[in-house]
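Student: Quick one: this structure, given as structure tokens, is what I'll be asking you about.
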Amino acid sequence: MNKAELISAIAGKANLTKADARKALNAFIGAAGETMKKGERLTLVGFGSFSVAKRSARDGRNPRTGKKIKIAAKKVVRFKPGAELTKMVK
């Protein structure tokens, strides 16, 4: 499912127009991004938790040449699914 399909699904299930569903989804994405940029955790009970973790610098290899390269440290987003989401997928 891509973003346009998700917007259509939200509009259908919530009885909204696609424009309103797009605004709601974009607002959620913006708020979630701001929360995680601050280093805070975003928890949606039943769905899951988004958090930010630090990945340390490490050595890697260029797959084309095999030459060693340095991979810089960075922050990554982690997702841990909730119990209800896990049950839905099974």
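Student: About its Cα centre, how strong a charge dipole does the stretch 3-89 have in debye, to the nearest 20, once Lys and Arg get +1 and Asp and Glu get -1 at the Cβ? Before the final figure, lay out the partial values.
Tutor: Numbers: 21 positive and 6 negative charges, 159 e Å.
Taking the Cα centre of the stretch 3-89 as origin, the dipole is about 760 debye.
Student: Related question: Once you've got the Cα coordinates, tell me which of Lys38/Lys74; Lys3/Lys23; Lys18/Lys87; Lys3/Lys37; Lys37/Lys75; Lys38/Lys75 are over 19 Å apart.
Tutor: Details: Lys38/Lys74 15 Å; Lys3/Lys23 12 Å; Lys18/Lys87 29 Å; Lys3/Lys37 22 Å; Lys37/Lys75 10 Å; Lys38/Lys75 12 Å.
Exceeds cut-off: Lys18/Lys87; Lys3/Lys37.
Student: For percent of Cα pairs over 18 Å apart, several values are listed as (i) 65; (ii) 57; (iii) 39; flag the one computed from this structure.
Tutor: Read-out taken from this structure: (i).
Student: Just need the relative contact order of the chain here, percent rounded to a whole number, with Cα pairs under 8 Å and 6+ apart.
Tutor: Working: 101 pairs, mean separation 18.9, N = 90.
Reported as a whole number, the value is 21 percent.
Student: Can you give the angle from 0 to 90° between the axis of helix 18-37 and the longest principal axis of the chain, with both taken from C-alpha atoms, to the nearest 10?
Tutor: 40 degrees
Every number in this text was worked out from the coordinates using simple rules, so none of it is lab data. Everything numeric here is computed off the predicted structure, so don't read it as measured data. Virtual Cβ from ideal backbone geometry, glycine too; neighbours counted across all protein chains shown.
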